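What follows is a short report on a single structure.
The values are calculated or read from the model by the stated rules, or taken from the named source; none is laboratory data. None of these values were measured; they are calculated from a predicted model. Neighbour counts are summed over all protein chains in view; Cβ atoms, including those assigned to glycine, are modelled from backbone coordinates with ideal geometry.
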Amino acid sequence: MVVLHCPFCEKSRREPAAKFPSNVPFKVDCVACGASYEIQIEVRKFFRKEIAFCGLMTCLDPAGSSEKVAVVNLSYGGCGFQASEKHGLQKGQLIKVSFTLDDAMKTVIRKEATVRFVKDRYVGCEFAPTAGGMKPDIGFYLWKL
């Protein structure tokens, strides 16, 4: 199910998500006021939580350069961060991302990842699979919404 919220009359309605295209903008007509507005329904494998943590990104391929980043979102399968203006990262590049969660244990996350999306300073990456599957550290953190 999705909730469609009209920006004109502020009324909301629930509709089955299958009725609409995913990950592309489209127009919707409000049944209450008749206004037409554009929306986009984002479909993901994992829930994404907005966060604001300082972190460190290290290039693994080619090895060497590191820089401080601002981690801005986190999901079970990856994260997004703001890098410097001259980060030089490209889609498909292998990196390591490190940051500390704001949970009671101050859990340190160190994950190898593949760059999947780059737009200006924003970089989206997918965590590399690890032996034994995914560890529960991020899963427990995301459960606590």
Task: Number of positions in the stretch 47-57 that are aromatic (Phe, Trp, Tyr) and either crowded, with 16+ Cβ neighbours inside 10 Å or at pLDDT 90 or above (or both) - done: 1
- [ ] Taking ALA18 as meeting all but one of (1) under 30 Å from PHE140 (Cα atoms); (2) out of contact with any Ser or Thr (no Cβ under 6 Å at 6 or more places or on another chain); (3) part of a loop (DSSP other than H, G, I, E, B); (4) free of Cβ contacts under 8 Å to residues at least 12 places away in the same chain, write down the number of the exception.
- [x] (3)
TODO: Name the single residue, out of those in the stretch 1-20 being under 11 Å from TYR37 (Cα atoms) and not aromatic (Phe, Trp, Tyr), that is surrounded by the fewest Cβ atoms within 10 Å (Cβ to Cβ).
DONE: PRO7
Task: Filtered residues of the stretch 104-115 (kept if part of a strand (DSSP E or B) and loosely packed, with under 15 Cβ neighbours inside 10 Å) - done: VAL108, ARG110
Open item on the list: Suppose the filter is of a type in the set (A, V, I, L, M) and crowded, with 17+ Cβ neighbours inside 10 Å; does LEU74 pass it?
Closed with: yes
TODO: Among the strands (runs of 3 or more DSSP E) lying completely within the stretch 34-103, list those that include at least 3 residues that are in contact with a Leu (Cβ under 8 Å, 6 or more places away or on another chain), assigned by TED's automatic domain parsing to the domain that holds CYS125 and at negative phi.
DONE: 48-60, 63-75, 94-100
